[in-house]
Amino acid sequence: MKRKNLFNLIKKLWPICRSITGRGLKQSLDILKSNLPKSYQKNFKIFEVKSGTKIYDWVVPDEWIIKDAYIKFKGKKIIDFKKNNLHLVNYSYPVNKKKISLNKIKNYLYTEKKTPNAIPYVTSYYNKKVGMCISYKNYKKLKKGNYDIMIETAFKKGNTYIGEYFKKGKSKKEIFFSTYLCHPSLANDNLSGPVVALKLAEWITKEFSKNTKYSYRFVFGPETLGAIYYINKNIKKLKKNVKYAFNLTCLGGSKQFSFLPSRTGLTITDKLTKNILTHEYKNFLNFSFLDRGSDERQYCNPNVNLPMVSVMQKKYHEYPQYHNSLDNLSFINNNQLENSLELYKKLIIAIENNFTFKNTLFCEPPLKKYFPELSKNKLQKKSKIIMDMLIFADGKNSLLDIADKINISILSLIPLVKKLKDKKFIKIL
Ligand code: ZN
């Protein structure tokens with residue numbers, strides 16, 4: 001039986017009430033770190049950023065602390081934070097009122113008519129809200145009478161936290177992955193991203209041992225705030241070193257992938273990702289950068305300008321369970337998460353093998369002489385591809401350029417590069 005590694009890690013993180021600061025976030029980062037093999041844990045660093053820290057125009061808010069939150073009707077709890085942490089507005093201020101009318105209690109309630117069976121996910125990081133969330137179905141059932149509302153929350157100077165996993169490669173040039181984990185119990189958006197990111201980081205470290213061409217960096221933080229902080233701290237290094245960049249979010253919930261390009265749609269990450277999606281997956285959904293909604297909003301700013309794309313499954317904003325209690329553990333499964341992980345592994349294999357090489361010959365080689373092991377049929381199939389590779393191997397085209405010219409998956413050309421190199425038909429630059 002296949003172990004449900006990815007899903008099990010999500011299950012572990014599931015009950016924690018996360019936010020953009022505080023204990024839930026720290027605890028989640030600690031769980032991610034401790035899930036790595038012992039010898040890799042030193043690669044995962046957790047940074048504290050104090051409340052009040054100024055980052056460009058933003059300020060890290062105070063930590064939000066929750067003791068309890070509920071609403072009672074006739075002495076019985078009808079909404080209980082302990083049953084589902086989405087019941088409490090994330091960053092809600094405290095309140096303690098007894099015996100208030102139905103009309104008055106409604107002032108504290110957030111509900112969403114469009115998804116009547118779901119508790120909506122509501123946040124109020126930067127504007128003062130006090131309240132709890134309830135499904136529209138239950139909201140409609142509320143009767144006249146006396147209600148008690150108790151929200152025991154507090155704010156104090158504390159920290160937000162950023163996790164960073166780094167694997168050094170031969171080059172300082174790096175592949176950058178951003179992911180976030182500030183949402184409370186929400187599966188596709190949000191836990192799928194950091195869990196796939198962690199497993200990908202582990203795989204790169206294991207699979208390539210010391211030998212990656214590029215360095216790999218994974219940043220785990222609260223959405224928006226974490227990205228802004230990271231950019232503020234590292235802008236020079238990012239601009240200098242990042243060669244390819246990905247935002248890891250919404251990696252479950254579907255059989256089909258969704259592609260969100262970078263701002264220009266023309267970066268090397270766009271080109272590589274489109275090659276793999278087109279030839280390895282076929283029917284993926286193509287979105288426009290106008291449909292953006294995650295940390296690419298910061299990383300693709302023209303003054304930061306990372307070549308960042310996202311490949312997702314069920315994209316944020318595009319499914320009825322988005323940002324409500326139905327984006328839960330039954331909305332995603334381990335196979336979907338594995339498929340996402342597999343796709344990103346393919347992208348990395350392609351990146352590591354995207355060589356530029358030069359033809360060493362002065363004419364087409366007699367292939368039969370060089371590949372006696374291949375049957376006539378196989379040779380026929382391969383010879384056109386080999387000739388195409390050789391004719392475009394001018395020392396300027398990368399393997400990706402050539403794959404796009406031939407209209408084929410870059411992955412299918414990787415074994416041929418090795419063969420052509422062994423036969424001394426090409427020199428890798
Ligand atoms: Zn979200």
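The values are calculated or read from the model by the stated rules, or taken from the named source; none is laboratory data. Just so you know, these numbers come straight off a predicted model, no measurement behind them. Don't worry about glycine lacking a Cβ; one is built from the backbone with ideal geometry, like all the others, and counts go over all protein chains shown.
Key figures
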| quantity | calculated |
| --- | --- |
| Search result, residues across the stretch 190-217 that are more than 16 Å from the ligand (Cβ to nearest atom) and among the hydrophobic types (A, V, I, L, M, F, W, C) | Leu198, Leu200, Ala201, Trp203, Ile204, Phe208 |
| Listing of helices (runs of 4 or more DSSP H) fully contained in the stretch 322-429 that carry 2 or more residues being touching a residue at least 24 places away in the same chain (Cβ under 8 Å) and under 29 Å from the mean Cα position of the chain (by Cα) | 334-352, 399-406, 410-422 |
| Lone unmet requirement of (1) within 22 Å of Val60 (Cβ to Cβ); (2) within 16 Å of the ligand (Cβ to nearest atom) for Ala187 | (1) |
| Filter pass, Leu411 being within 30 Å of Val195 (Cβ to Cβ) and touching a Leu at 6+ places or on another chain (Cβ under 6 Å) | no |
| Hits in the stretch 126-169 (condition: surrounded by 12 or more Cβ atoms within 10 Å (Cβ to Cβ) and either assigned to a helix (DSSP H, G or I) or without any contact (Cβ under 8 Å) to a residue 60 or more places away in the chain (or both)) | Lys129, Val130, Gly131, Cys133, Ile134, Tyr136, Lys137, Asn138, Tyr139, Lys168, Gly169 |
| Residue match in the stretch 284-294 (condition: closer than 29 Å to Leu399 by Cα, more than 16 Å from the ligand (Cβ to nearest atom), crowded, with 23+ Cβ neighbours inside 10 Å and modelled with pLDDT of 95 or more) | no |
| The stretch 304-331 - residue that is within 14 Å of the ligand (Cβ to nearest atom) and on the phi > 0 side of the Ramachandran plot and, of those, surrounded by the most Cβ atoms within 10 Å (Cβ to Cβ) | His323 |
| Residue count, the stretch 13-28 (criterion: assigned to a helix (DSSP H, G or I) and either under 17 Å from the mean Cα position of the chain (by Cα) or surrounded by fewer than 16 Cβ atoms within 10 Å (Cβ to Cβ) (or both)) | 4 |
| Qualifying position, being more than 25 Å from Asp295 (Cα to Cα), more than 16 Å from the ligand (Cβ to nearest atom) and modelled with pLDDT of 95 or more, among Asn334, Asn354 | Asn354 |
| Search result, residues across the stretch 357-397 that are surrounded by 11 or more Cβ atoms within 10 Å (Cβ to Cβ), among the charged types (D, E, K, R) and at pLDDT 95 or above | Lys358, Asp388, Asp394 |
| Top-ranked residue in the stretch 110-159 [being over 30 Å from the mean Cα position of the chain (by Cα) and among the acidic types (Asp, Glu); ranked as farthest from the ligand (Cβ to nearest atom)] | Asp148 |
| Verdict on Arg292 being farther than 23 Å from Phe355 by Cα and in contact (Cβ under 8 Å) with a residue 40 or more places away in the chain | no |
| Residues satisfying the stated conditions in the stretch 174-184, i.e. in contact with a Ser or Thr (Cβ under 7 Å, 6 or more places away or on another chain) and away from the ligand (no atom under 11 Å from the Cβ) | Glu174, Thr179 |
